[in-house]
1. For region 22-53, name all the residues that are among the charged types (D, E, K, R), crowded, with 16+ Cβ neighbours inside 10 Å and either closer than 17 Å to residue 117 by Cβ or touching a helix residue (DSSP H, G or I) at 6+ places or on another chain (Cβ under 8 Å) (or both).
2. Looking only at region 119-131, count how many residues are within 13 Å of residue 182 (Cα to Cα) and at pLDDT 95 or above.
3. Can you find a residue that is closer than 26 Å to residue 69 by Cα, among the charged types (D, E, K, R) and in contact (Cβ under 8 Å) with a residue 40 or more places away in the chain anywhere in region 176-187?
4. It is to be established whether one or more residues within region 146-153 are surrounded by fewer than 19 Cβ atoms within 10 Å (Cβ to Cβ), in a helix (DSSP H, G or I) and either of a type in the set (Val, Ile, Thr) or without any contact (Cβ under 8 Å) to a residue 60 or more places away in the chain (or both).
5. Of the residues that make up region 54-68, is at least one under 19 Å from residue 165 (Cα atoms), of a type in the set (Ser, Thr, Tyr), at pLDDT below 80 and surrounded by 10 or more Cβ atoms within 10 Å (Cβ to Cβ)?
6. With respect to residue 89, determine if the residue is touching a residue at least 60 places away in the same chain (Cβ under 8 Å) and among the small types (Gly, Ala, Ser).
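The values are calculated or read from the model by the stated rules, or taken from the named source; none is laboratory data. None of the values given here were measured: they were computed from a predicted structure. So basically every Cβ, Gly included, is an ideal-geometry build from the backbone, and we count neighbours across all protein chains shown.
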Amino acid sequence: MINFKSLKNDIPKPIRLFLGKAFLLFIVWKIVYNIFLYDSRYLDHPLTTNVADVSVYVLNNLGDMSGFTSVRKIDKYPFQGTKAEYEISAIYHHDNVILHIANVCNGLELMVLYVGFIICMPALFWRKIKYIILGLITLHLINIIRCVGLIYLREYYHQYFDFAHHYLFNAMVYTGTLLIWMLFSRKINLKK
């Protein structure tokens, strides 16, 4: 049988503190989100709508493409095997639906994960605030670029859409998050 007390003593104190804070933040976030914020009009809906609206703005104004609109609507969208109704942001191109952005695709969970990592790491308060603000803006912009890329692929290279949606753009978003964490972590000195 594993001797947990011995294992606990083998793990350095800064790592135990990091893991303890991370676990506590995870539990608190899940409770608060699932009880008070799930599918809320105060967090998920505005973020999802913003991703759709900014993506449409980029497509209509920063390139050769035009005629895109975004609409917040309730859709019978089969999600994880159910046929429940979900409120989504739909992006249309000349009255044809091109992309659905559901609340689970708005980047909120990744942003919370990013902020949780920054909070748990030992660093100066103002450095944490700076990296939280700049990181959240960067992650939001990466998510918008992801949506614009998906729309572009749906319009011109439909055969690559599923691969890009499930793998390529997810790898891009997580790589961006990892790079920001690495920038933040490089100046952290852990004392023995």
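1. Of region 22-53, the ones among the charged types (D, E, K, R) are 30, 39, 41, 44, 53.
In the following step, the residues that additionally are crowded, with 16+ Cβ neighbours inside 10 Å were identified as 44, 53.
Result: 44, single match.
2. As a first pass, look at region 119-131 and keep what is within 13 Å of residue 182 (Cα to Cα): 121, 131.
Add one more test, that the residue is at pLDDT 95 or above, and what stays is 131.
Total satisfying the criteria: 1.
3. Start the filter on region 176-187 by keeping residues that are closer than 26 Å to residue 69 by Cα, which leaves none.
Checked against the condition, which is being closer than 26 Å to residue 69 by Cα, among the charged types (D, E, K, R) and in contact (Cβ under 8 Å) with a residue 40 or more places away in the chain, region 176-187 yields no hits at all.
4. Start the filter on region 146-153 by keeping residues that are surrounded by fewer than 19 Cβ atoms within 10 Å (Cβ to Cβ), which leaves 149, 152.
Going one step further and asking which of them are in a helix (DSSP H, G or I), we end up with 149, 152.
Now narrow it down to the ones that are either of a type in the set (Val, Ile, Thr) or without any contact (Cβ under 8 Å) to a residue 60 or more places away in the chain (or both): 149.
Yes; the residues of region 146-153 include at least one that is surrounded by fewer than 19 Cβ atoms within 10 Å (Cβ to Cβ), in a helix (DSSP H, G or I) and either of a type in the set (Val, Ile, Thr) or without any contact (Cβ under 8 Å) to a residue 60 or more places away in the chain (or both).
5. no
6. Working: touching a residue at least 60 places away in the same chain (Cβ under 8 Å): no; among the small types (Gly, Ala, Ser): yes.
Judged against the criteria, residue 89 is not a match.
One line per residue, one yes/no per condition, for (1) of a type in the set (Phe, Trp, Tyr); (2) more than 30 Å from residue 25 (Cα to Cα); (3) modelled with pLDDT under 90; (4) in contact with a strand residue (DSSP E or B) (Cβ under 8 Å, 6 or more places away or on another chain):
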position	(1), (2), (3), (4)
73	no, yes, yes, yes
79	yes, no, yes, yes
88	no, no, yes, yes
93	no, yes, no, yes
107	no, no, no, no
111	no, no, no, no
116	no, no, no, no
134	no, no, no, no
139	no, no, no, no
